[in-house]
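Here's the structure we're looking at; comments come further down.
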Amino acid sequence: MRFDANEQLHGAYMAAYTPVNPDGLTVDYEKYREHIRFLLSNGLREGQGLIMGTGGSGEGYLLTDQQYFTMTSILAEECRGKIPTMAGVFDRGLPGALEKIKFAEDAGIDFIQLSPPHSQGATDEENYTFFKMVDDATSKIGIVLYHTHWDFGSYHPWYQIGIPLLEKITDLESVVGLKWHAKTLELFTSVLAQFNEKVVIVDNAGWVTSMRQNAFNVRMFMAPTANWDPPIIVKLAELWNAGDWEGFAAANKVAAAPKWAVHEAQREELYGSAPTKARITPGDESLVYSLGEGTLNHALMDIMGRPFGPALHPQYQLSEAGKERAKQILGSTDTEEILDVTF
């Protein structure tokens, strides 16, 4: 690696949501700037984690290039010298991805969460070429590979990034982390065991919360709760950094309850009692398939009292009745039943 990312990549991985104007097409930049300040004013600082903009939770897959550039500039301006920053990059081609990455690099963003390009189902060699050319074109920014196997499943149900490809990608100097999940427990744990000393592993599966331990030295946890309750993330980061896995797991289940409730209400409204069978991942009936995460996250912000406008079109808009159902589920949720806190 060109630099040691371990000092910056530990603790809370906070993906900032994107506030949207009533038209459902444009970003409310003033609200976005206010939101970053809200996160920082509630105690989030360097040493506790990082703040990411334009990621999956921020509907980065639907943003225009100009929206990405403006939001990335705001993030860099507000966080400089206070907390590490990351920009999520989604693009179907190399030129567009490089333009976004180099813009973030020049703006002073510390890391990129990078998804492989995909349309019909890339081969391992194509994915490696993509990351290799990004590595060749950058010099100051760290790359975290975002392994969204559930996206791959839309057109290539059995493809996922495996160990041979990871061995090559993690040899690239700019690649400092993996935001990791997998279709099988065997591959998931094999990657944790083999790569946890080579790159920073981000827990994208609620593994530490479910297991109440961290035997594989996972360095970062997903922290969506920061969007409506930053102080609880400060507490979670303290527990995480202290290695109090029992305390972290118990507190994180409570923190995850609102998102779990909206997830369940969304699934009921979209599918009734079960997901559409044609879109279900074998062995996992908990997944909710929709265009993106905006449906869930904007409804969530509504019920938590920090409205962020509609989800970017054409994502599904959860009905008011669905939001009321989420409140009902939240009121009756037993946090001990929440095993998977990642959505």
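Data table
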item	result
Residues satisfying the stated conditions in region 219-266, i.e. more than 17 Å from His10 (Cα to Cα) and either among the small types (Gly, Ala, Ser) or assigned to a strand (DSSP E or B) (or both)	Gly247, Ala250, Ala251, Ala255, Ala256, Ala257, Ala261, Ala265
Criterion violated by Ser115 - all others in (1) under 29 Å from Tyr159 (Cβ atoms); (2) more than 18 Å from the chain's Cα centre (by Cα); (3) polar (S, T, N, Q) satisfied	(2)
Elements of type helices (runs of 4 or more DSSP H) in region 61-152, at least 3 residues being over 26 Å from Gly47 (Cβ atoms), without any contact (Cβ under 8 Å) to a residue 24 or more places away in the chain and among the hydroxyl-bearing types (Ser, Thr, Tyr)	none
Yes/no for Val175 being in contact with a helix residue (DSSP H, G or I) (Cβ under 6 Å, 6 or more places away or on another chain) and touching a residue at least 12 places away in the same chain (Cβ under 8 Å)	yes
Filter result for the condition that a residue is among the aliphatic types (A, V, I, L, M) and modelled with pLDDT under 95, over Ala256, Ala226	Ala256
One residue from Glu34, Glu59 being acidic (Asp, Glu), under 23 Å from Asn21 (Cβ atoms) and open to solvent by 40 Å² or more (accessible area, probe 1.4 Å)	Glu34
Scope region 183-218; condition β-branched (Val, Ile, Thr) and part of a helix (DSSP H, G or I); matching residues	Thr189, Val191, Val208, Thr209
Residue pairs meeting the criteria (Cβ under 9 Å; at least 6 apart or on separate chains; first in contact (Cβ under 8 Å) with a residue 24 or more places away in the chain and within 17 Å of Leu63 (Cα to Cα), in region 310-335; second part of a helix (DSSP H, G or I) and among the charged types (D, E, K, R))	Tyr316/Glu269
Qualifying residue in region 25-41 (condition: out of contact with any strand residue (DSSP E or B) (no Cβ under 8 Å at 6 or more places or on another chain), part of a loop (DSSP other than H, G, I, E, B) and among the basic types (Lys, Arg))	no
Meets criteria (within 27 Å of Gly162 (Cβ to Cβ), of a type outside the set (A, V, I, L, M, F, W, C) and either modelled with pLDDT of 95 or more or open to solvent by 60 Å² or more (accessible area, probe 1.4 Å) (or both)) for Gly108	no
Total residues in region 255-271, condition open to solvent by 50 Å² or more (accessible area, probe 1.4 Å) and touching a Lys or Arg at 6+ places or on another chain (Cβ under 8 Å)	2
Residues satisfying the stated conditions in region 299-314, i.e. within 18 Å of Trp260 (Cβ to Cβ) and open to solvent by less than 10 Å² (accessible area, probe 1.4 Å)	Ala299, Leu300, Met301
So Phe188, is it more than 12 Å from Tyr13 (Cα to Cα) and open to solvent by less than 50 Å² (accessible area, probe 1.4 Å)	yes
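The values are calculated or read from the model by the stated rules, or taken from the named source; none is laboratory data. Quantities reported herein were computed from a predicted structural model and do not represent experimental measurements. Cβ coordinates were reconstructed from backbone atoms using ideal geometry, including for glycine residues, and neighbour counts include every protein chain displayed. Surface accessibility is based on the protein's heavy atoms, side chains included, excluding ligands, DNA and RNA. Shrake-Rupley method; radii C 1.70, N 1.55, O 1.52, S 1.80 Å.
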